[in-house]
1. With a sphere of radius 11 Å drawn around the Cβ of GLN128, what net charge do the other residues whose Cβ falls strictly inside it have (Lys, Arg +1; Asp, Glu -1)?
2. For the charge dipole of the chain, defined by +1 on Lys and Arg C-beta atoms and -1 on Asp and Glu C-beta atoms about the Cα centroid, which residue among GLY242, GLY623, HIS741 has the Cα displaced farthest towards the positive pole?
3. Using the per-residue mean of other Cβ atoms lying within 10 Å as a proxy for protection, in what order, highest first, do the peptides 90-102, 108-120, 506-518 fall?
4. Cross-link partners among lysines for LYS696, C-alpha distance below 18 Å, same-chain residues fewer than 8 apart left out?
5. Among residues other than LYS599 whose Cβ falls under 9 Å from its Cβ, what is the net charge (Lys/Arg +1, Asp/Glu -1)?
6. Across 10 Å bins from 0, what is the distribution of all Cα-Cα pair distances for the chain, in whole percents?
7. Roughly how big is the chain's charge dipole about its Cα centre, with Cβ charges of +1 (Lys, Arg) and -1 (Asp, Glu), in debye to the nearest 20?
8. Could you compute the net charge surrounding ASN310? Neighbours are other residues with a C-beta less than 12 Å from the C-beta of ASN310; K and R count +1, D and E count -1.
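The values are calculated or read from the model by the stated rules, or taken from the named source; none is laboratory data. Computed from a predicted structure; not experimentally measured. Here the Cβ is made from the backbone with ideal geometry for all residues, glycine too, and neighbour counts use every protein chain on show. Surface areas here come from the heavy atoms of the whole protein model, side chains and all, with no ligands, DNA or RNA. Shrake-Rupley method; radii C 1.70, N 1.55, O 1.52, S 1.80 Å.
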Amino acid sequence: MGQMGVRVLLIASISTGLVLGSEDSYAQDEATGVHTLPPVEVSPPAEGAKRGRSQATTRIARARPRVYIPTAPTSSSTSGVEADKVPATINVVDSRQIERTGSLNITDALQQAVPGISISEVTGNPFQPNVEYRGFVASPVAGTPQGLAVYQNGVRINEAFGDTVNWDLIPTAAIQSVAVVTNNPAFGLNALGGAISFQMKDGFNYHGAEINTMGGSFGRIQSSAQWGKQVDNYAVYGALEGLHDNGFRNFSPSDVRRFYGDIGYKNDANEFHLNVGLASNNFGAVTTVPAELLQQYWGATYTSPQTSANRVGYFNLTGKVEATPTWTIEGGAHLRIFDHKTLDGNPSGTQACADPALLCFGDDSTPANGLNGAQLANPFASGATIGERDRTTTHSTTAGLSLQATNTDQLFGHDNRFVVGSSFDSSVTNFTASAELGAIGPDFVVGSSGIFLGPSGFPVSIGPVSLRTTNQYTGVYALDTFDVTNAFSITGGGRFNSARITLEDQIGTMLNGHQEFDRFNPIIGGTYKITPELTAYAGYSEANRAPTPLELGCADPAHPCIVAAFLVSDPPLKQVVSRTVEAGLRGTRELNIGTLGWKLGAFRAKNTDDILAIPSPELQGFGYFQNVGSTRRQGIEAEINLKSSTLQLYASYAFVDARFLDALQVGSNSPFRDDNGNVQILPGNQVPAVPRHRIKAGIDYSITDALKVGGDALFVSSQYFVGDESNQAPKLPSYAVFNVHASYQIDKTFQIYGRVDNIFDNRYATYGTFFDTTAVPNFANGGAPFTDPRSLSPARPRAFYAGLKATF
């Protein structure tokens, strides 16, 4: 009987060649960061092995450690189900793939590594993008209908008020792995298109220290430091990150400051962790800009200031206890405090009245009132363009508990894995909003006047808002994976979700309300190992999303509001229900040149009572939320990768077709809207902002042991503009972008590296919508009216970066 050491670099998971964990604990090499597994004993094949399997194949199959995928939020990286038994597609990104991007922005790694993910910078800032997966979105923008659940160490980090996801708050250097999970209702609310689950580093799986500093184009300077150490049964880990970037557009700086720490204890049967995090980030979120301004200057902005500030502090206490050899108990308690402030310069419905000494709203006769309820005098010069400085503050405190039990007793003489768990989260949010008038200058900056709008006679909410909301989310789930044979496994189960949402108006009573949403979501699926290197899978699942407090407070077409700023009393919304079916093949094969991994899958998800943000047909910049019937997202995903000690390459293709299934007339800011400001959605119209084709490829090659070079490419096809639900306007053009990078290991401690992003300096936009061409004159063209209604979010031009990493 022989022994062999197995390195993770030689092991490909079914989808990406990445390992979340193995049966045995593993440590990280302090110099290289490579995870080394303990020796694996390999026995020669039994005499008369079935199907003539060769000795070499047997050794390879038995030497490859097991890969685990989380089946529920509480599952740790080694307590999930074996990847071969997951009845859904598998996407995992590990710390080396994150480091490969040279970025402190985790969404860059997600876009590179996951076939179905695309990124759009709707806010105009790279640290606050929309992440779209299979036509479902996780966005930091309040008012975006959210369709992905996001977890960090088992804690749901969709913020309480609008289910938003602030990607900038996730400490990138401290991420051990990311799993993109589909077809699993155990991940609770918002998992319509799936869930993204982050597992963080700790002192047991990261040893040593590292300091990494990089700088380059547009004033970028960033640095991260991390350290981990284990002493007997105790371990500690900490990561600190800082970044400043001026941005390539006017008024678009980014400042990121993050800390993450973990203290752990582990013995043969039990493991406990206390992890904490802090972040304080400020951004110039300059959003979209009229196409006419971009044609003159790629860094142009429109109606600023547009800034946001995020603050977060959290702690999470987790425990894992092996109660018996076959029963494992996992649980956690968490507290999260989140603060969000925005300042947003916008055009305003405020204008001079027929009597120019007074201000009106919406027309020249409806009074624009101040905070005292009296009509405002007009302090602006004749002919001035009036805008608003809209401010919001959101303060949320979320506390929760989770508990999960896993049993691995055999059932009827067959291997079986049973999981049962529950979670409870309670959030209290205090939300305020105000609108200050100001003149818009020739640089499109809205000035400050100290004059704040109050309630108006016009049927919109423009006065101050003070709202307290309470969310209580309860979930109970059970999943069972049963091995019918050594090759065939079935999974079944489900989760019951209960949501209680209360709105309490702190100024009056018009926003008061209480809504309850309950639903049980099932899952059924199976996997069949056709050969040791080929697995087939198929599954069906359901998931639901309860309307957020923000959506519930802005759902009346007769009383639109400035989305994410001003709320009104509205009729109730229905919860969204998604039903997903998917199937596919995946496999690995050992070749002379390395390990080949591949997958091919198809999916179809149908949403009923989908929620859409609808622009007001009467007032630009106002809108409301509405159930829009059924929508469908379907497609295919294919990926291939090859990994060896000197070469790593990958290529993937994803096709996503997102369509409306019901006829509906909605308000729109499309240039093709009718005289009433509406467009007609027809069955089969494509959902905007969902590109149908995504192609990704990358390569890394070790020229010598010290010198490595690589590159990656991304192609995203055209997509309809947001607001063009009727599909009448030309699409936002497709784009392709190419990046290259290289590194040189000077010695065991120091490495220098560099990269060039968008090497061909392609000018493209990742997001497009429409705007009111009459709201503000085109000051860049002598004050003439705008003629092109397109408004775009431009991507970063060519950029150069270089850095130094020291590993101890």
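1. Numbers: positive: none; negative: GLU121, ASP168.
With Lys, Arg at +1 and Asp, Glu at -1, the neighbours total -2.
2. Farthest towards the positive end: HIS741.
3. In descending order of packing, they fall as 108-120, 90-102, 506-518.
4. Leaving aside lysines fewer than 8 places away in the same chain, those within reach of LYS696 are LYS599, LYS643.
5. On the way: positive: ARG586; negative: GLU637, GLU639.
Result for the neighbourhood of LYS599: -1.
6. Histogram of Cα-Cα distances, whole percents per bin: 3, 13, 24, 26, 19, 10, 4, 1, 0, 0.
7. On the way: 57 positive and 72 negative charges, 401 e Å.
Using Cβ point charges on Lys, Arg, Asp and Glu, the chain gives about 1920 debye.
8. On the way: positive: ARG257, ARG258, ARG311, LYS341; negative: GLU159, ASP168, ASP255, ASP339.
Overall, the nearby charge balance is 0.
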